[in-house]
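A short write-up of the structure that comes next.
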Amino acid sequence: MSGIRTVEELLKLEPEAFDITVFGAEPHGNYNRILLSPVLAGEKRFEDIVTHDRAWYARNGISLHTGDVVTAIDRRRRVVVAASGLEVPYDRLLIATGSRPFVIPVPGHTLPGVIAFRDIHDVESMLTAARDHRHAVVIGGGLLGLEAASGLLRQGMNVSVVHVNDSLMERQLDKPAAKLLKAALEKRGMRFLLEANTAEIVGSERVTSIKFKDGGEIVADLVVMAVGIRPNIELAKAAGLHVERAIVVDDSLQTLSDPRIYAVGECVQHRKNVYGLVAPLWEQAKVCAAHLAGLGHRRYSGSVTATRLKVTGIDLYSAGDFIGDKDSEDLVLRDPGRGVYKRLVLKGGCIVGVVLYGEVGDGPWYFELMQKRVDISALRQRLLFGRGYCEPQAA
Amino acid sequence: MMDGSAPPAVPPTPTVLTTCPYCGTGCGVAVTVKQDKVEVAGDALHPTNYGRLCVKGAALGETMLPKGRLLYPAVRDAGALKRVSWDSALDQVASSFQRIIDEHGPDSVAWYVSGQLLTEDYYVANKLVKGFVGTANIDTNSRLCMSSAVAGHKRAFGEDIVPVSYEDFENADLVVLVGSNTAWCHPILFQRLVKAREKRPEMKLVVIDPRRTATSEMADLHLPIRPGTDVWLFNGLMSFLHQHGVVDTAFIDGHTSGLARAMAIADNTAGDLRSVAAQCKLQESVLAEFYRLFARTAKVVTAFSMGVNQSSSGTDKVNAIINCHLLTGRIGKPGAGPFSITGQPNAMGGREVGGLSNMLAAHLDLDAPAHRELVQTFWQSPAIADQPGLKAVDLFDAIDSGQVKAVWIMATNPVVSLPDADKVKRALAKCELVVVSDVMANTDTSAYAHVLLPAQGWGEKDGTVTNSERCISRQRAFVPAAGEARPDWWALSEVARRWGLAAQFPYQSAHEIFDEHARLTAAGNDDEGSPRYLNLGGLVGLGKAAYDKLEPVRWPVLLPPPHAGGGWGGGGSTGGALAEEKMPPPQSSPASGEGSLMVFADGRYYTPDRRARFVPTTPQMPGGRLDDDYPLALNTGRVRDHWHTMTRTGLAPRLATHVSEPFVDLHPQDALLCSVREHDLARVSSAHGSCVVRVRMSGEMPRKSVFVPIHWNAQFASDARVGALVNPLVDPVSGEPEFKHTPVSVEPFMVAWHGFALSRDGDPNGTSRDGDLKSLTADAAWWTKITGDGYTRHELAGRRSDATWASRARTMLGATDPEADWLEYEDSTANIYRAALIVGGRIEACLFISPRPDLPSRAWLSSLFAKDQLEVADRIGLLVGEPLARGDDAGATVCSCYGVGRKTIEAAVRGGCATPAELGAKLKCGTNCGSCVPELKGIISEMRAQAMAKA
């Protein structure tokens, strides 16, 4: 996704600058990965989320190679070598290999019926499973896991979510919000096993159950692993580029090792950060394109990320440092009657963290105030009650 | 224990005519009792108000509640009040008093009664004490409001006579209001004045008052006199009139005595305009203008009230005023005379029966042997008091010193209303026997009672009252008495019966008592005997029916009232100003006759020489001297919508909003010097006590002078009894305390937090949820309680600035159920906390706390208590304290990432955006996760379709 977005940005700036060749491992044009959950939930069809079909590539004179994986980069000869044996030379190379789901290497993790939640293929196999199986277990109570779980629920399966932590989405939510979320999902029939460490996935020709370290066991004929992602960096490593947790790039998204090679997306590490959310990828794409176009008028200095859960009927917004520390100040609003919980974390008169549950309309506004480091002291008394109370005409 | 349960349901009754229980104006009230409420309107035929009522009177219906009523007799037993039967309560009162009288003599007991008693109650109390206990130790709260007027009248006229009627007020060409905020304290009387001026614009109004008031706003001339210098002002006037020959020589020669000395004193003390102006801190030109106006206007009424009476030289002030009227012969003539406006509904009635410690009865005197004999014979009493008893302030000093060992307090609240009121507390605390008759269970005074007797309240009791113009009106019952409440005259008679005096106190109903009172006023009332103007001979032998029908009548009443045939001065009435506006004056209303012609018209005064006396008045500054410790002069008084100690007005929501908190009003310059700011809390202290009130700068105060209202007390505020500050200095003649001048200091009252709570009341029949807030007020360093419509509001301030509200608030507001619908906002570092309890979609209570007084307006939040269901908008606004401003409705959110609504998007499409990209460029929608792009596409095509359909 980030790769093509970069190409798009580049075409806007310098349509004629390069002859562009795109390699994609998946056997079709590309689509908006973010929207896989709605597809799984049956709210959108695949066609709805396709962003660039082959026609688009053709229109823009881009040669597209789908289902063909690049196996090596020869930096000396400045060519990429594909699995098909195809060699394509480059002046500039953009690596956007993204990431792959992390699969816990417990016994049985390779059994049929054990899948990840990454691409349309995973979604399809989940939909198939939903048709002829009943018990789904999602390992991982993070953003992706919960989206998968509620999708499967919508497909009529019994869904249990297994989470190693004692509170859901701990990287996006504080405990009160997590509690509300859990309660809301339980009301829809989702079951939760918190602080549960998977010991073994049991089954002969297909998964039948999951065993836990504490000896517990639950029935499962579909297991979805959603415990995190790992950047795809093997190709870059093999090419001798400097790689830590991911391919290290500078503020222009150029790799440290080779000025001709750029990288964007989930496979890059920028200022120690590796991003798994969409907003930073778009920002990277803009900057990278500018540099590929030789304009160099943009600079990527990292992203503050905001999260929302794409589960219909559950409004949840989280951004920044929502836990806070001894120097931070809290504004808290609780209205359980309306299922509303809001918390702003302040530091030095600025918002540094936001958690909204039940009423998220003002999330983007808070996010903007946070990013621009606006001093909210004057608004403080009304801030948490929303933009409508701080600047009535904006309601 | 004693309040709470409702009285028996009242069957609908026809309209009952009665008299307002508040100020001395004495308006007629028409009451209709409905199943659920008491409807109150002005009595269209009453000669005082012709159907008009002020806001207090109009709200009387709201005060007819069982809430807080004293319903049963109670006796203190081991510290706690226990319900007992009337019999045992009265047995204890009778025997205890008897024992103390036997041991220590009649002067060791005392009665402290009230201008809110009916004349009949007053009469029986006075008779029992002076004739049968044999002491004159019966005084009344009227001592606090018009005893200086009484003393002034007696010195000048030989009798306590108000020689002016409301019509004189209207017919005057010049009305001088001295120390009277008539517009607020006697609104209907003031209305008559205003109407009269509308008809006769040439009529002039002069207001003499240190403060700028609603009254002075209406004046042609306002003299913001330096507090306490009235005698200089009127001596100056007398001297001015004399110098300019504005003198009625014939009248003076024919009907007065003592001019020379009085004139000499006036000339010596105030002979020259400049020095008077300097002494009174007035512009010389303004003073001269007033003097000239007075000099050239024959028909002038000088009306005075507490600003004159409540002074250590109150009696001299009164006489200084009267002197000017005697000098010019402007008395006993239509539209002229000195006019004392009384503050209580029946202060005048009390004066008529002699219910003050220095009177005997029926305008007869303690120190006149002939009078004593007349009364003793009439009463057939074994004894008769032969010397004045203790006046209010001395009375409580005597209790404090142990000289008086038993006191029976009726219908008044001395712990709030007396000067040096904390001393009154101490005195009652050590008093051997304190009996309190009241309508309310909990008052600052009843807290010290050993015996509590439930008295009938307005609408329950039956009898007569007399207003400021000597007009006697009936107060009639229209609801059954609450609980076991009985008339005060009954309780007194029952004690008399237990003393073996059944024969002398045989009363079965009020009219019998009134008849006896009327006969006493007529007894020996002739030139050979003990002549006096007070004569109700015409009302003797009315009988119950006629008494019940008795229409307002101004005394003297020598002939039977009109409906019984005849009548006095009833004809030729011009009617009241209000009457002319509303309707022709009722011929049947004798009080609307030119009654002023009746007294003094013939120039006869019932002094020994039958002449009116000029009284020399030597000016004196108020007793309390301002110094560095107490640099400001405290003035006290009423606010428009409350009366006395709020036991009744405090019950009416509509009376709570005009002024909802006790305050100190002061000049910005003084506020600066005291380093207090408006809306902050301040402690006002005198040498005697202190109170904590809200700072106000109305712009109505002169430098060096502060004002605090008299109403608030421990039932309504943590610390607002201004009585505790007032210096116990009294007028040497009248014994009236100097309420209008006490040296005080004002300092900031430091608090860590300000707050307020609104809490829905329990069932209208009392048992309010206030209980739930006890812990809240207990937690506060300062609070005041405000009655709302179906809820109670507490204003709060506290010293402990911990941020533990979240943990305590639920209990404080009674939201102990963990499942309760409980809204909460917390900014713990800023120590801001807000919470609300919703029950069944209805607001039950809310609490707002902030380190500053910058709390949201109470108005909108209060309005929510009227709603049976909160709308979502209300609920969202609840903890902000205001509804969400109606901005443009963005419609349902389409792009969640940037919070862009459908309506906003549609507007953009109409504005020309044809693709999601264009929309994104304009509104950012769809440019983050892109999940709304399909919807964006949808909206665009939909609208295109609609557009084509229209085309």
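The values are calculated or read from the model by the stated rules, or taken from the named source; none is laboratory data. None of these values were measured; they are calculated from a predicted model. Quick reminder, even Gly has a Cβ in these numbers, built from the backbone with ideal geometry, and neighbours come from all protein chains shown.
Name every residue in the stretch A:355-379 that is over 23 Å from B:Cys895 (Cβ atoms) and within 7 Å of another protein chain (Cβ to nearest Cβ), in order of residue number. Walk me through it before giving the result.
Here is the first cut: in the stretch A:355-379, the residues over 23 Å from B:Cys895 (Cβ atoms) are A:373, A:375-379.
Within the stretch A:355-379, no residue meets the criteria.
Surrounded by fewer than 23 Cβ atoms within 10 Å (Cβ to Cβ), in contact with an Asp or Glu (Cβ under 8 Å, 6 or more places away or on another chain) and within 11 Å of chain B (Cβ to nearest Cβ): does that describe A:Glu329? So that I can check it myself, show each step before the final result.
Details: surrounded by fewer than 23 Cβ atoms within 10 Å (Cβ to Cβ): yes; in contact with an Asp or Glu (Cβ under 8 Å, 6 or more places away or on another chain): yes; within 11 Å of chain B (Cβ to nearest Cβ): yes.
When the stated conditions are applied, A:Glu329 passes them.
With the requirement that a residue be touching a Ser or Thr at 6+ places or on another chain (Cβ under 6 Å) and buried (at least 17 other Cβ atoms within 10 Å of the Cβ), what does the stretch A:217-234 give you?
Within the stretch A:217-234, A:Ala220, A:Ile229, A:Pro231, A:Asn232 qualify.
Are any residues in the stretch B:821-840 of a type outside the set (D, E, K, R) and in contact with a Gly (Cβ under 9 Å, 6 or more places away or on another chain), and if so, which ones? Reasoning before the result, please.
Step one: list which residues in the stretch B:821-840 are of a type outside the set (D, E, K, R), which gives B:822-823, B:825, B:828-833, B:835-840.
B:Trp822, B:Leu823, B:Tyr833, B:Leu837, B:Ile838, listed by residue number.
Quick check: anything in the stretch A:291-301 within 11 Å of chain B (Cβ to nearest Cβ), out of contact with any Cys (no Cβ under 7 Å at 6 or more places or on another chain) and not hydrophobic (A, V, I, L, M, F, W, C)?
Kept after step one, since they are within 11 Å of chain B (Cβ to nearest Cβ), are these residues of the stretch A:291-301: none.
Checked the stretch A:291-301: no residue is within 11 Å of chain B (Cβ to nearest Cβ), out of contact with any Cys (no Cβ under 7 Å at 6 or more places or on another chain) and not hydrophobic (A, V, I, L, M, F, W, C).
Mind telling me which of the residues B:Leu923, B:Leu870 ends up being touching a helix residue (DSSP H, G or I) at 6+ places or on another chain (Cβ under 9 Å), within 30 Å of B:Arg810 (Cβ to Cβ) and among the aliphatic types (A, V, I, L, M)? Give the derivation first.
Working: B:Leu923 fails: within 30 Å of B:Arg810 (Cβ to Cβ).
Just one listed residue meets the conditions, B:Leu870.
Residues of the stretch A:98-134 being in contact with a helix residue (DSSP H, G or I) (Cβ under 9 Å, 6 or more places away or on another chain) and within 30 Å of A:Ile247 (Cα to Cα), which ones?
Those that are in contact with a helix residue (DSSP H, G or I) (Cβ under 9 Å, 6 or more places away or on another chain) and within 30 Å of A:Ile247 (Cα to Cα): A:Gly98, A:Ser99, A:Pro101, A:Ile115, A:Ala116, A:Phe117, A:Arg118, A:Asp119, A:Ile120, A:Asp122, A:Val123.
Which of (1) within 27 Å of A:Ala184 (Cβ to Cβ); (2) assigned to a loop (DSSP other than H, G, I, E, B); (3) touching a helix residue (DSSP H, G or I) at 6+ places or on another chain (Cβ under 6 Å) does A:Val360 not meet, given it meets every other one?
It fails just one condition, (3).
Can you name the condition, by its number, that A:Ala177 falls short on among (1) in contact (Cβ under 8 Å) with a residue 40 or more places away in the chain; (2) of a type in the set (Gly, Ala, Ser); (3) outside any helix (DSSP H, G or I)?
Failing condition for A:Ala177: (3).
For the stretch B:86-157, which fully contained helices (runs of 4 or more DSSP H) count at least 3 residues that are touching a Phe, Trp or Tyr at 6+ places or on another chain (Cβ under 6 Å)? Walk me through how you get there before you give the answer.
On the way: elements: B:86-104, B:119-127, B:147-157.
Once the helices (runs of 4 or more DSSP H) in the stretch B:86-157 are filtered for at least 3 residues that are touching a Phe, Trp or Tyr at 6+ places or on another chain (Cβ under 6 Å), what remains is B:119-127.
So which residues in the stretch A:307-344 are touching a Pro at 6+ places or on another chain (Cβ under 9 Å) and of a type in the set (Val, Ile, Thr), if there are any at all? Working first, answer last.
First pass over the stretch A:307-344, keeping only residues touching a Pro at 6+ places or on another chain (Cβ under 9 Å): A:310, A:312, A:317, A:332, A:334, A:341, A:343.
Matches in the stretch A:307-344: A:Thr312, A:Val332.
Select from the stretch B:807-830 the residues that are within 11 Å of chain A (Cβ to nearest Cβ) and either surrounded by 15 or more Cβ atoms within 10 Å (Cβ to Cβ) or within 37 Å of the chain's Cα centre (by Cα) (or both) and list them in ascending order.
If the condition is that a residue be within 11 Å of chain A (Cβ to nearest Cβ) and either surrounded by 15 or more Cβ atoms within 10 Å (Cβ to Cβ) or within 37 Å of the chain's Cα centre (by Cα) (or both), then B:Ala820, B:Asp821, B:Trp822, B:Leu823, B:Glu824, B:Tyr825, B:Glu826, B:Asp827, B:Ser828, B:Ala830 are the ones that fit.
Condition first: in a loop (DSSP other than H, G, I, E, B), acidic (Asp, Glu) and crowded, with 16+ Cβ neighbours inside 10 Å. Now tell me which residues in the stretch A:1-24 satisfy that.
The first filter runs over the stretch A:1-24 and keeps only residues in a loop (DSSP other than H, G, I, E, B), leaving A:1, A:14-20.
Still in the running and acidic (Asp, Glu): A:14, A:16, A:19.
Across the stretch A:1-24, there are no qualifying residues.
Out of the residues in the stretch A:310-325 that are within 22 Å of A:Ser150 (Cβ to Cβ) and outside any loop (DSSP other than H, G, I, E, B), state the one that is nearest to the other protein chains (Cβ to nearest Cβ).
Only one residue tops the list, namely A:Tyr317.
Say whether the condition of being in contact with a strand residue (DSSP E or B) (Cβ under 8 Å, 6 or more places away or on another chain), away from every other protein chain (no Cβ under 11 Å) and surrounded by fewer than 18 Cβ atoms within 10 Å (Cβ to Cβ) is met by at least one residue in the stretch B:932-945. So that I can check it myself, show each step before the final result.
Quick first cut of the stretch B:932-945, residues in contact with a strand residue (DSSP E or B) (Cβ under 8 Å, 6 or more places away or on another chain) only: B:932, B:935-936, B:939.
Keeping just the survivors that are away from every other protein chain (no Cβ under 11 Å) gives B:936, B:939.
Restricting the remaining residues to those that are surrounded by fewer than 18 Cβ atoms within 10 Å (Cβ to Cβ) gives none.
There is no residue in the stretch B:932-945 that is in contact with a strand residue (DSSP E or B) (Cβ under 8 Å, 6 or more places away or on another chain), away from every other protein chain (no Cβ under 11 Å) and surrounded by fewer than 18 Cβ atoms within 10 Å (Cβ to Cβ).
Checking the condition at pLDDT below 95, surrounded by 22 or more Cβ atoms within 10 Å (Cβ to Cβ) and either over 27 Å from A:Ala319 (Cβ atoms) or in contact with a Lys or Arg (Cβ under 8 Å, 6 or more places away or on another chain) (or both), which residue from A:Ala130, A:Ala177 passes? Talk me through it step by step, then tell me what you get.
Values: A:Ala130 fails: surrounded by 22 or more Cβ atoms within 10 Å (Cβ to Cβ).
Of A:Ala130, A:Ala177, the one residue that is at pLDDT below 95, surrounded by 22 or more Cβ atoms within 10 Å (Cβ to Cβ) and either over 27 Å from A:Ala319 (Cβ atoms) or in contact with a Lys or Arg (Cβ under 8 Å, 6 or more places away or on another chain) (or both) is A:Ala177.
Which of the residues spanning the stretch B:266-323 are charged (D, E, K, R), farther than 26 Å from B:Ala151 by Cα and assigned to a loop (DSSP other than H, G, I, E, B)? Outline the logic, then answer.
At the first step, the residues of the stretch B:266-323 found to be charged (D, E, K, R) are B:267, B:272, B:274, B:281, B:284, B:289, B:292, B:296, B:299, B:316-317.
Okay, now just the ones that are also farther than 26 Å from B:Ala151 by Cα, so B:272, B:274, B:281, B:284, B:289, B:292, B:296.
Scanning the stretch B:266-323 gives B:Asp272, B:Lys281.
Mind checking which strands (runs of 3 or more DSSP E) fall wholly inside the stretch A:25-77 and carry at least 3 residues that are away from chain B (no Cβ under 13 Å)?
Working: elements: A:50-52, A:63-66, A:70-74.
Fully inside the stretch A:25-77 and qualifying: A:63-66, A:70-74.
Where in the stretch B:413-523 are there helices (runs of 4 or more DSSP H), lying fully within it, with 3 or more residues that are under 25 Å from the mean Cα position of the chain (by Cα), under 24 Å from B:Ala398 (Cβ atoms) and touching a residue at least 60 places away in the same chain (Cβ under 8 Å)?
Working: elements: B:414-417, B:421-430, B:488-498, B:510-522.
Fully inside the stretch B:413-523 and qualifying: B:414-417, B:421-430.
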